[in-house]
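First up is the structure itself, then whatever we jot down about it.
Since every read-out is calculated from the coordinates, none of them should be taken as a lab result. A quick note: this is a predicted structure, and the numbers were derived from the prediction, not measured. So basically every Cβ, Gly included, is an ideal-geometry build from the backbone, and we count neighbours across all protein chains shown.
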Amino acid sequence: MKRKETIQIMVTADEKQIITEKAHRANTDVSKFIRTTTLTDGKVVFLDKGGYIPRNLIEINDKVKGALRDGKISDSLGHELLAGLKDIMTIFVEISQQLTIINNTEEEGD
């Protein structure tokens, strides 16, 4: 469906910045952000499409392994931390698969 209608709203400079920042964090443009958050029934969840969370979990995992290898932390603490990180990564993947994700390539007319 081709979009033909326009809605204009007045916001303060602060409100505009907040909306723009939220759209940026959701990895989408302002129009799509506003459409999605206002037209979706229920709660909309924006995952970190840029991979910030998994990338950082992998980095932490690598640092723990390095500290373990270099003897900077005890074996028991290192293995406990690695097990905890693995649990967090598994839960993140499960949550990611269950939540609504805005996909910029699916919507016509953008």
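Details
- Listed residues Phe92, Leu81, Ala67: farthest to the positive end of the dipole of the range 13-98 (Cβ charges): Phe92
- The protection proxy used here, the mean number of other Cβ atoms lying within 10 Å of each residue, ranks peptides 72-79, 19-26 as follows, highest first: 19-26, 72-79.
- Magnitude of the charge dipole for the range 28-96, about its Cα centre and with charges confined to Cβ atoms of Lys, Arg (+1) and Asp, Glu (-1), is about 200 debye.
- Normalised by the number of residues in the range 13-98, the average gap of Cα pairs under 8 Å and 6 or more apart makes the relative contact order 19 percent.
- Approximate spin-label separation Glu94-Glu59, in nm, with each point projected 7 Å along Cα-to-Cβ: 2.7 nm
- For the range 70-78, putting each phi into the Karplus relation 6.51 cos²θ - 1.76 cosθ + 1.60 with θ = phi - 60° gives couplings of 7, x, 7, 9, 5, 4, 5, 5, x Hz, in residue order, rounded to whole numbers and with x for Gly and Pro.
- Residue exposure proxy: Phe33, Phe92, ordered by other Cβ atoms within 10 angstrom of their Cβ from fewest to most, comes out as Phe92, Phe33.
- Here the 3J(HN,Hα) profile of the range 19-36, calculated from phi with Karplus coefficients 6.51, -1.76 and 1.60 at θ = phi - 60°, is 4, 4, 5, 5, 5, 4, 5, 8, 6, 9, 8, 4, 4, 5, 4, 5, 4, 5 Hz, Gly and Pro shown as x.
- For the range 13-98, the fraction of alpha-carbon pairs lying more than 20 Å apart is 53 percent, rounded to a whole number.
- Once backbone amide H atoms are built at 1.01 Å from N, Asp29 has no partners under 5 Å, excluding neighbours fewer than 5 places away on the same chain.
- In a fully extended conformation the segment linking Tyr52 and Val11 would gain 11.8 nm over its present Cα-Cα distance, using 0.36 nm per residue.
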